[in-house]
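Notes for the one structure printed next.
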Amino acid sequence: MNMKKKYLLLVFALLVSMTFFSCMPDGYLMPENNTEVSFDEDFNEEFNDSVTSSDEGINGFDALMVIVLTLGLAAIIVWFFITMVPIKLWFNAMLSGLKISWLYLIKMRWQNIPQAKIINLMVTAKNANVSLDVPQLMKYYLAKVDLEVVVATMIRARAANIKDVNFEDMAQLYLKKVDVGAIVHAFINAQNAQIETSIPELAEFYLAGGNVGDLVKAKNIADNSGHKEELDLPKLKQHYLAGGNLKKTIEAYISARKAGLKEFTFKDVCDIDLANLDVTEAIKSAISPIVVETDGVRGIARDGVELTMKVKVTLRAQIKNIIGGVSSDTVLARVNEALATQIGLAGSHTEILQNPYLLADKVESSPTINESSAFEVLSVDVSDIKIGNDVGASIKVARAKAQVEYAKAELILAEEKVQKAMAGAFLDGNISVQEYTDIKNKQADTLMRQSLAGVDETGHHLKNQTTVNNPDTSADGSPATDDPKE
């Protein structure tokens, strides 16, 4: 209570007290000192004397004071009434058919409740055929409820022919931090879509952190797709509150059902979405298989010929294995391994060239390709084959060269041993200087003859070697002619 009201009450109390005491006869409240009052013998006499003295006292100034105080009290009462009761608002309410007690208006003013706001809300609600109670409005205004929002929600619900909505419930939901406008809007959409739900159920979902508008829209899509029983409201609420994308999940499930994929349930699709995978792309790859071409895979057949092959792999997602299963990249790596293995198992490269699709079928039927995989290999098709080097022949040539080099090394070692033996014999005196010179001359003579004959040390003819000392002979040892025609 503010100071102004306290002062008004104090003045009002003083005026009433003064008026009361001014009207009392002299000595009525307190007898004079040293006077004994006998109620047994002198009661009638004292009463008559008192009345006589009172009648004598109400003259002149006392009568004027009574009139003034009475008029002042009346003025205060009229001022209090005009201040506390808005006559114009009250009269407008009466014209609108509302009967509002003056006591409620005084109480509103006393509690600092805007009278105009309450009356205008009641008039608006009455015109919309919504009945409101003044004590409830006052109660929830003091509870910090936005009455305009609640009343507007009530009017909207009544316009949508929703009868089980009352002001008390809406105000309580508002106090619980519920967006009553969004709740009623979602409930109206649910009724129009013939979705079985209630305002308390939607409010509970809202308080749990859900978007009631998205929930009703998702349920409407599910019902219109023909999956009303499987996609019921509790499942949708559970997936939404778990952090899933409700709209994409429902659309993916409907697309899979339309494509004839029936080996999984709505829970499987929800699990994919909750695993942070793109459920739309996963279902799309399950409906429409993807085709991926591998890089060139090199392999060597048993005949030593190198082949480079490319294959096109058709993959289809397996919904039940997509969580935790190996990816498409791993599947392609397995295809490359199987392809290289099958090339190596071929008897010759001509077998592969004659029937490349037989090799592709063997790769496709490899048991390790689809093991624990999120993708199923539908087909493997050869797209390109290139013949490389004859690795076997190259290896043989390299091996022969290595053997020749090894023989030369052995020859050098043997000659070294001979030289050491000759040196030892010469030092030991087993051979003379003349004998050693004869041996060297014979070796030189032998080398010259071999060169003239075109043979090497082993007696084999040297090819593509012409005789240097005899220009009249050709490379094959036959006499050379000057005629170019011959």
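Here are some notes:
- First in segment 346-364 and among the charged types (D, E, K, R), second anywhere and surrounded by fewer than 17 Cβ atoms within 10 Å (Cβ to Cβ), Cβ under 8 Å, 6 or more apart: Glu364/Ser379
- Residue within segment 193-209 that is in a loop (DSSP other than H, G, I, E, B) and under 24 Å from the mean Cα position of the chain (by Cα) present: yes
- Test: residue in segment 470-478 that is in contact with a strand residue (DSSP E or B) (Cβ under 9 Å, 6 or more places away or on another chain), at pLDDT below 75 and open to solvent by 90 Å² or more (accessible area, probe 1.4 Å): yes
- Residues satisfying the stated conditions in segment 419-469, i.e. more than 23 Å from Ala407 (Cα to Cα), modelled with pLDDT of 60 or more and of a type in the set (Ser, Thr, Tyr): Ser432, Tyr436, Thr437
- Selection from segment 424-449 of residues that are outside any helix (DSSP H, G or I) and open to solvent by less than 90 Å² (accessible area, probe 1.4 Å): Gly429, Ile431, Ser432
- Among the conditions (1) over 16 Å from Met309 (Cα atoms); (2) open to solvent by less than 30 Å² (accessible area, probe 1.4 Å); (3) out of contact with any strand residue (DSSP E or B) (no Cβ under 8 Å at 6 or more places or on another chain), Val404 misses just one, which is (2).
- If you check Gly210, Gly244 for being touching an Asp or Glu at 6+ places or on another chain (Cβ under 6 Å) and among the small types (Gly, Ala, Ser), only one passes: Gly244.
- Only one of the listed residues (Lys284, Lys248) is surrounded by fewer than 17 Cβ atoms within 10 Å (Cβ to Cβ) and closer than 30 Å to Ser365 by Cα. That residue is Lys284.
- Within segment 138-165, the set of residues being touching a residue at least 24 places away in the same chain (Cβ under 8 Å), within 20 Å of Arg109 (Cβ to Cβ), assigned to a helix (DSSP H, G or I) and not hydroxyl-bearing (Ser, Thr, Tyr) comprises Met138, Leu142, Leu147.
The values are calculated or read from the model by the stated rules, or taken from the named source; none is laboratory data. Computed from a prediction, not measured in an experiment: that's the story for all the values here. Using ideal geometry, Cβ is built from the backbone for each residue, glycine included, and neighbour counts are taken over all protein chains shown. All accessible areas refer to the heavy atoms of the entire protein, side chains included, with ligands and DNA or RNA removed. Shrake-Rupley method; radii C 1.70, N 1.55, O 1.52, S 1.80 Å.
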